[in-house]
Amino acid sequence: MAQVEATTERVVAAQPDDVFDALADYSGTRPKLLTEHFSEYEVREGGDGEGSLVHWKLQATSKRVRDCLLEVSEPTDGELVEKDRNSSMVTTWRVTPAGEGRSRVVVSSVWNGAGGIGGFFEKTFAPKGLGRIYDGVLEKLATEVEK
């Protein structure tokens with residue numbers, strides 16, 4: 001069982017605090033950022049960063065749907081960590097300054113992949129697929145915060 005990682009990043013024309021606040025706003029802004037790959041979105045506890053518990057289904061492919069129940073923490077400034085109670089997946093969002101009035105947003109997901117041939121295909125193709133999904137989320141984030 002190998003660890004699988006998918007990382008995507010984007011620079012947006014907005015202050016880091018504003019970008020982070022948008023990502024951490026699970027009850028308001030975050031649902032607007034989700035692409036068609038996400039369904040059954042629900043805030044079960046909290047709704048603003050640390051201590052939130054959020055549910056969604058992520059349809060990674062036509063046959064692969066992940067039922068996610070995410071515990072949110074903020075271990076350091078500018079960092080949101082979403083740990084899935086239903087799997088080994090951990091997604092980390094990092095927002096850092098990228099020049100005057102700009103922010104770099106990096107989203108990285110890691111999980112324990114399958115073994116054998118299935119694991120080979122997962123490690124080969126899943127990061128690209130998840131990267132495309134998060135590209136869409138980051139695009140919507142940029143649209144939201146660059147207003």
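The values are calculated or read from the model by the stated rules, or taken from the named source; none is laboratory data. Everything quoted here is computed from the prediction, not taken from an experiment. No Cβ is skipped: glycine too gets one built from the backbone with ideal geometry, and neighbour counts run over all protein chains shown. Just so you know, the surface numbers come from the protein's heavy atoms only, side chains and all, with ligands and any DNA or RNA stripped out. Shrake-Rupley method; radii C 1.70, N 1.55, O 1.52, S 1.80 Å.
Is segment 71-87 home to any residue that is hydrophobic (A, V, I, L, M, F, W, C), in contact with a Lys or Arg (Cβ under 8 Å, 6 or more places away or on another chain) and over 16 Å from Asp21 (Cβ atoms)?
No, every residue in segment 71-87 fails to be hydrophobic (A, V, I, L, M, F, W, C), in contact with a Lys or Arg (Cβ under 8 Å, 6 or more places away or on another chain) and over 16 Å from Asp21 (Cβ atoms).
Give me a count of the residues in segment 44-56 that are surrounded by 14 or more Cβ atoms within 10 Å (Cβ to Cβ) and over 22 Å from Arg94 (Cβ atoms). So that I can check it myself, show each step before the final result.
From segment 44-56, those surrounded by 14 or more Cβ atoms within 10 Å (Cβ to Cβ) are 46-49, 52-56; that's our starting set.
Among the residues that remain, those that are also over 22 Å from Arg94 (Cβ atoms) are: 55.
Within segment 44-56, residues that are surrounded by 14 or more Cβ atoms within 10 Å (Cβ to Cβ) and over 22 Å from Arg94 (Cβ atoms) number 1.
Quick one: Val12 ticks every box in (1) at pLDDT 95 or above; (2) touching a helix residue (DSSP H, G or I) at 6+ places or on another chain (Cβ under 9 Å); (3) exposed (fewer than 15 other Cβ atoms within 10 Å of the Cβ) except a single one, so which number is it?
All conditions pass for Val12, except number (3).
If you go through segment 57-85, how many residues are open to solvent by less than 40 Å² (accessible area, probe 1.4 Å) and out of contact with any strand residue (DSSP E or B) (no Cβ under 9 Å at 6 or more places or on another chain)? Spell out how you get there, then give the answer.
Step one: of segment 57-85, the residues open to solvent by less than 40 Å² (accessible area, probe 1.4 Å) are 58, 66, 68-70, 72-73, 78-82, 84.
Now restrict to residues that are out of contact with any strand residue (DSSP E or B) (no Cβ under 9 Å at 6 or more places or on another chain): none.
Total meeting the criteria: 0.
Based on this model, can you work out whether Val90 counts as closer than 20 Å to Val145 by Cβ, under 14 Å from the mean Cα position of the chain (by Cα) and either modelled with pLDDT under 95 or hydrophobic (A, V, I, L, M, F, W, C) (or both)?
Numbers: closer than 20 Å to Val145 by Cβ: no; under 14 Å from the mean Cα position of the chain (by Cα): yes; either modelled with pLDDT under 95 or hydrophobic (A, V, I, L, M, F, W, C) (or both): yes.
Taking the combined requirement at face value, the residue does not satisfy it.
So which residues in segment 15-43 are in contact (Cβ under 8 Å) with a residue 60 or more places away in the chain, in contact with a Gly (Cβ under 8 Å, 6 or more places away or on another chain) and open to solvent by 60 Å² or more (accessible area, probe 1.4 Å)? Before the answer, list the steps.
First pass over segment 15-43, keeping only residues in contact (Cβ under 8 Å) with a residue 60 or more places away in the chain: 15-16, 18-20, 22-23, 29, 32-35, 37.
From what is left, the residues that are in contact with a Gly (Cβ under 8 Å, 6 or more places away or on another chain) are 15-16, 20, 35, 37.
Gln15, the sole residue that qualifies.
Which condition number does Glu36 fail, the rest of (1) touching a Lys or Arg at 6+ places or on another chain (Cβ under 9 Å); (2) of a type outside the set (Phe, Trp, Tyr); (3) modelled with pLDDT of 95 or more being met?
(1)
Being under 23 Å from the mean Cα position of the chain (by Cα) and not polar (S, T, N, Q) is the filter; apply it to segment 107-119 and report the residue that is modelled with the lowest pLDDT. Walk me through how you get there before you give the answer.
Of the residues in segment 107-119, the ones under 23 Å from the mean Cα position of the chain (by Cα) are 107-114, 119.
Among the residues that remain, those that are also not polar (S, T, N, Q) are: 107, 110-111, 113-114, 119.
Numbers: Val107: 98, Val110: 92, Trp111: 88, Gly113: 75, Ala114: 71, Gly119: 66.
Restricting to residues being under 23 Å from the mean Cα position of the chain (by Cα) and not polar (S, T, N, Q), the top hit is Gly119.
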